[in-house]
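**Q** The structure under discussion is supplied below as structure tokens; questions concerning it will follow.
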Amino acid sequence: MKRIVVFSGAGLSAESGIPTFRDSDGLWEQHRIEDVASPDGWQRDPELVLDFYGKRFQKMNLVQPNAAHYALAELQKKFDVINITQNIDTLLEQAGAKNVWHLHGRLDTAKCEFHHEIFGYQPTHRCDFKTLISKPIALGDTCPKCGGRLRPDVVWFGESVDMRQPYLEELIDTASVFIGVGTSAQVYPAAGLLTLFADTEQKYFIDPNPAYGALYGFSVLEGKASVKLPELAKQLLGSAN
Ligand code: OAD
């Protein structure tokens, strides 16, 4: 079975009603990254941070996957599909995607504030506690293992992203198709995947504003994910043995 690696960003979930970050009216026009998505912001005002992610959590539970998520699930009929997503929503899973790697964490889990490696901030200890949540994290929720505060299981700016070596290397070596979709490719190390998969046989980039795809020699499919991904999935499924 041929392997397809899909690297997605906020544009994948935009048509479900989840705002992107950098489009006009995007989340980062309404919130300062350093206030809601950084270890310093958490230390300064945890209530603001929990409110920000609590709203994201509630929104996720109000919306549905769109045609793009379903197209990626459909590809599993004939391909080994690995989704590497920057999105913290779980719409891919809700659409039936089996193999989803959330590079920047996910909204339906919480972790102990001492869980992660944080640059420039020395936690007093390490604690690996994570838990599934069915409601937003509240101020005062604590880790049952060590008593630290529970925080969103999201990778903030200034924190390290687990690039899962040597698994990533294996994906690079074995992917026959790579699809980049709905990302401005501005945040590293995630955006580096577009170059790491440079030697993949077939490479596509889907975005209504595909500033980055052409640069890396992708077949650029300019348009919305909900239109272009089902079209591409149909083409790939049609040509699969
Ligand atoms: P951005 O908001 O930076 O980029 C969204 C991309 O989606 C843009 O290229 C849009 O043109 C595209 N887009 C908008 N509507 C679309 C649609 N209907 N179909 C397809 N594409 C569409 O979001 P990301 O690239 O995901 O990280 O941002 C990367 C990271 O920056 C996020 O994971 C988040 C953020 O800061 C953290 O919070 C750690």
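**Q** I'd like the residue in the stretch 1-48 that is within 17 Å of Glu159 (Cα to Cα) and near the ligand (Cβ under 7 Å from one of its atoms) and, out of all such residues, is surrounded by the fewest Cβ atoms within 10 Å (Cβ to Cβ).
**A** Among those that are within 17 Å of Glu159 (Cα to Cα) and near the ligand (Cβ under 7 Å from one of its atoms), it is Ile33.
**Q** Give Ala211, Ala191, Ala185 a once-over and let me know the one that is closer than 25 Å to Val155 by Cβ, free of Cβ contacts under 8 Å to residues at least 24 places away in the same chain and of a type outside the set (Val, Ile, Thr).
**A** Just one listed residue meets the conditions, Ala191.
**Q** Given the structure, is Lys130 at pLDDT 95 or above, among the charged types (D, E, K, R) and open to solvent by 10 Å² or more (accessible area, probe 1.4 Å)?
**A** When the stated conditions are applied, Lys130 does not pass them.
**Q** Which one of these is touching a strand residue (DSSP E or B) at 6+ places or on another chain (Cβ under 7 Å) and hydrophobic (A, V, I, L, M, F, W, C): Ile84, Ile33, Ile18?
**A** Ile84
**Q** If a residue has to be under 19 Å from the mean Cα position of the chain (by Cα) and either away from the ligand (no atom under 12 Å from the Cβ) or open to solvent by 40 Å² or more (accessible area, probe 1.4 Å) (or both) to count, how many in the stretch 185-198 make the cut?
**A** 7
**Q** Looking at the stretch 216-234, I want the residues that are not assigned by TED's automatic domain parsing to the domain that holds Gly11 and assigned to a helix (DSSP H, G or I) and have a partner that is open to solvent by 30 Å² or more (accessible area, probe 1.4 Å) and within 13 Å of the ligand (Cβ to nearest atom) with Cβ atoms under 8 Å, at least 6 apart or on another chain. Which pairs are those?
**A** Close Cβ pairs satisfying both conditions: none exist.
**Q** Residue under question is Glu159, and the condition is that it be over 20 Å from the mean Cα position of the chain (by Cα), within 11 Å of the ligand (Cβ to nearest atom) and of a type outside the set (A, V, I, L, M, F, W, C); does it hold?
**A** no
**Q** Continuing with this model, one more query. Which of the residues belonging to the stretch 213-233 are more than 24 Å from Thr174 (Cβ to Cβ) and of a type outside the set (A, V, I, L, M, F, W, C)?
**A** Glu222, Gly223, Lys224, Ser226, Lys228, Pro230, Glu231
The values are calculated or read from the model by the stated rules, or taken from the named source; none is laboratory data. Quick caveat: nothing in here was measured; it's all calculated off a predicted structure. Here Cβ is always computed from backbone atoms with ideal geometry, including for glycine, and neighbour counts include all displayed protein chains. All accessible areas refer to the heavy atoms of the entire protein, side chains included, with ligands and DNA or RNA removed. Shrake-Rupley method; radii C 1.70, N 1.55, O 1.52, S 1.80 Å.
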